[in-house]
Amino acid sequence: MSHYSKYKDKNAVDFQRLVGVSYGTFGVILSKLITAIEQHRLANPLSKRGRKNKLTIEDQLLLTLLYLRQYDTFLTLGTQFGISESYAQKRYTFISSMLLKSLDLPEEHTLELAQIQVLAIDVTEQPIERPVKNQAKYYSGKKTPFHKSTDNIMLNNRTNQGCQMR
């Protein structure tokens, strides 16, 4: 039995709350996704090799929308759909890339400079935790705020000044 059929039996309000889209929107997305996958298969004939998908396209779309809606781990989604964690991640990646193409959405990492109105950069200093192992390399026992390289520079300046005075 398809996992989508279990969700399809729910009322419209519960379906939208769980999946994030209504039945009608799910159907429109599904039809566009099927055409995009068919175009992908025609463009890449070698992708037909291997085992057939254990999940239907409806289930794969449902898995993707559930991940985007609830941010469950792929282990949880894999267990829910009866597949492995890595296969759930593989199906999510493929379906999400097909969705971007089929719905004419910009790529995930695309951001045009014309769209940027304000750019804020956080340049505050972040404290670095001391290392658990090999602490002796970084801690001399002194309670001074100077770093090892700063101490060497100050030592060299003092000895050079002492030489000049003589």
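Look at Thr35, Thr124 and count the other Cβ atoms within 10 Å of each Cβ; fewest to most, that gives Thr124, Thr35. Which entries in the list Lys6/Lys48; Lys10/Lys101; Lys10/Lys90; Lys8/Lys54; Lys10/Lys32; Lys6/Lys90 go over 21 Å, if you measure between the two C-alpha atoms of each? Pairs exceeding the cut-off: Lys6/Lys48; Lys10/Lys101; Lys10/Lys90; Lys10/Lys32; Lys6/Lys90.
State the extension gain, in nm to one decimal, for the chain segment bounded by Val21 and Lys8, taking 0.36 nm per residue of separation less the distance between their alpha-carbons. Stretched fully, the Val21-Lys8 segment lengthens by 3.5 nm. Each Lys and Arg Cβ is given +1 and each Asp and Glu Cβ -1; about its Cα centre, region 3-102 then shows a dipole of about 360 debye.
The order of Glu129, Glu85, Glu58, going from fewest to most other C-beta atoms within 10 Å of their C-beta, is Glu129, Glu85, Glu58.
Taking 17 Å as the straight-line reach from the Cα of Lys137, the lysines in range (excluding those fewer than 8 positions away in the same chain) are Lys148.
Read-outs: derived from the displayed coordinates by stated rules, not from any lab. If you're wondering where the values come from, they're calculated on a predicted model, not measured in any experiment. Note that we place each Cβ from the backbone using ideal geometry, even for glycine, and neighbour counts take in every protein chain shown.
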